[in-house]
1. Which FRET efficiency value, to the nearest 0.05, is calculated for TYR214 and TRP129 with the Förster distance at 35 angstrom and r the Cβ-Cβ distance?
2. Regarding the range 113-241, what are the three Cα extents along the principal axes, ordered largest first, in Å?
3. What's the angle, to the nearest 10 degrees (0 to 90), between helix 216-229's Cα axis and the longest principal axis of the chain?
4. Counting DSSP beta bridges in the chain, what percent are antiparallel, to the nearest 5?
5. For the chain, what is the convex hull volume of its Cα atoms per residue in Å³?
6. Can I get the semi-axes of the range 166-233's equivalent ellipsoid? Compute them from the C-alpha gyration tensor as square roots of 5 times the eigenvalues, in angstrom, largest first.
7. Per the Kirkwood formula on distinct C-alpha pairs, the Rh of the range 7-150 is how many angstrom?
8. Report the gain in length on full extension from ASP59 to VAL186: 0.36 nm times residue separation, minus Cα-Cα distance, nm rounded to one decimal.
Amino acid sequence: MTPNATQNSTNPLRVTVWNENRHEQTHPEVQKIYPDGIHNVIAKYLREQGSTVRTATFDEPEHGLTEEVLDQTDVLTWWGHMLHNDVQDQVVDRVQKYVLNGMGLIVLHSGHESKIFKRLMGTTCDLRWREAAETERLWVSDPGHPIVEGIGDYIELAEEEMYGEPFYIPTPDALVFISWFKGGEVFRSGCCYHRGRGKIFYFRPGHETYPTYYNPQVMRVIANGVQWAAPTTGATLSPERHRKVPLETIPAKK
Ligand code: ZN
């Protein structure tokens with residue numbers, strides 16, 4: 001990961017799209033919607049938007065998230081569900097280190113319960129849920145935020161899984177979407193955080209049995225999130241941590 005704030009044709013953002021990729025292999029209904037995996041649908045869209053995209057999945061050595069891969073990643077997107085607890089702690093430590101050093105992280109849907117998200121939030125990230133193929137309406141709650149650029153008043157998804165409050169997360173630095181569900185619940189569905197030099201965006205929709213990642217507005221938000229979370233150069237700090245010698249002379253105690 002190196003600073004690369006703006007995406008353009010000569011210097012595209014480097015995105016790694018990570019997917020657990022298990023439902024797609026074990027659940028025929030999911031396979032039907034995402035025959036090449038959720039990761040390839042997301043990767044295709046981001047490539048079309050001009051990013052340099054690679055994919056990584058759970059079954060690869062070190063889950064495909066080696067130092068070498070993360071060194072070449074400006075923003076990592078994360079979709080997981082069944083295998084959260086099987087993700088190696090060493091890989092979680094590594095991703096955390098890269099985020100704190102400036103790599104962007106986009107956490108999708110059931111990634112709320114991933115080790116990496118819980119680690120970075122410091123809370124349980126627990127919530128209420130229901131699978132009833134109900135309508136979700138994601139209301140824009142921060143219209144000036146770059147993540148909602150190009151979106152109207154709301155995004156409506158005809159069928160989604162419900163996630164409801166209370167969502168046990170720290171209060172977001174910015175809350176860009178609030179969802180309403182047909183069954184009556186509401187949910188903070190677009191949450192932005194800063195951790196160290198890194199930016200994190202949690203985006204709720206994306207249950208595996210619905211074609212949510214083919215929705216152009218959902219994908220626009222993910223692409224906007226990638227742009228927002230891209231590393232910036234920031235300050236160049238001295239490596240010195242123990243400031244033994246003060247900048248000004250401090251009078252000796254009498
Ligand atoms: Zn789900």
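1. My answer for the efficiency is 0.95.
2. So the extents along the principal axes, rounded to whole Å, are 55, 32, 23.
3. Long axis of 216-229 versus the principal axis of the chain: about 10 degrees.
4. Roughly 55 percent of the DSSP beta bridges within the chain come out antiparallel.
5. 165 Å³
6. Semi-axes, largest first: 23, 17, 9 Å.
7. Computed over Cα pairs of the range 7-150, the Kirkwood hydrodynamic radius comes out at 16.5 Å.
8. 42.2 nm
Readers should treat all values here as calculations from the given coordinates under stated rules, not as data from a laboratory. Being a predicted model, the structure only gives us computed values, none of them experimental. Please note: Cβ atoms are built from the backbone with ideal geometry, for glycine as well, and neighbour counts cover all protein chains shown.
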